[in-house]
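FYI, it's all coordinate maths here, none of it is from the lab. All values reported here derive from a predicted model rather than from experimental measurement. Cβ sites come from the backbone with ideal geometry, for glycine too, and all protein chains shown count toward neighbours.
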Protein chains: 2
Amino acid sequence: MDIQSKIGERIKEIRTSLNLTQEAVAYKAEVDRSFMNHVENGKRNISMRTLEKIICYGLEITFQDFFNHESFKSKGRLRK
Amino acid sequence: MDIQSKIGERIKEIRTSLNLTQEAVAYKAEVDRSFMNHVENGKRNISMRTLEKIICYGLEITFQDFFNHESFKSKGRLRK
DNA sequence: AGTACATTGGCCTATAAGTCACGTTTGCCA
DNA sequence: TGGCAAACGTGACTTATAGGCCAATGTACT
């Protein structure tokens, strides 16, 4: 699975555990609701600053906790 | 300190601990050498795919390990 | 002064960010 | 049931900026 899908799934996992809507998180993160949706569905390759807004302000979790998850344990495949 | 500077410092920390030059990491990550330098010095707001290239392929470390560090323990300030 | 590595800046193209209009799904309750 | 509302999903589009590329300069060590 690609990195943006992993991030999207992780965001969704945390968001639903907090019982928040995409709109609520988007509002706190100061991003557009549909942009949040695209991110959750792995459709956008977001920058660090945008990810920071979403996880630190939208979800109120640290980077450390966000990435402390099974899906972020792999190193990449060997390069071509 | 902003997120891109934290990332840059973390990259440099790991790179030097591996005794690699910026050029060597850039080569393995398949990014430009000068781009690597800008990133290390907090001058660029990189995308997740590019960060993945640098940490997973360039430094050969997992996202989990990369972000498991003191500097990534803070939640953001309250939004305006 | 030569070698190796790091830093900077400018230019160009690819792509992320931001926004919108519309469509779909889900659940509620008259 | 069917009509409504809340949440989620999607594609298209413009504007802002990431990232590639290159050339010059800085620093430091021998």
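Okay, here's what the table says:
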| quantity | calculated |
| --- | --- |
| Which listed residue is within 20 Å of A:T50 (Cα to Cα) and at the interface with another protein chain (Cβ under 10 Å from one of its Cβ atoms), from B:L59, B:L51 | B:L51 |
| Any hit, the range B:25-34, residues being away from chain A (no Cβ under 13 Å), over 11 Å from the mean Cα position of the chain (by Cα), among the polar types (S, T, N, Q) and near DNA strand D (Cβ under 8 Å from one of its atoms) | yes |
| Residue that is farthest from DNA strand C (Cβ to nearest atom) [pool: residues in the range B:27-66 that are assigned to a helix (DSSP H, G or I) and of a type in the set (D, E, K, R)] | B:D65 |
| Given (1) under 10 Å from the mean Cα position of the chain (by Cα); (2) at the interface with another protein chain (Cβ under 8 Å from one of its Cβ atoms); (3) within 9 Å of DNA strand D (Cβ to nearest atom), number of the condition A:F66 does not satisfy | (3) |
| Test for A:G42: is it buried (at least 20 other Cβ atoms within 10 Å of the Cβ) and closer than 21 Å to B:K53 by Cα | no |
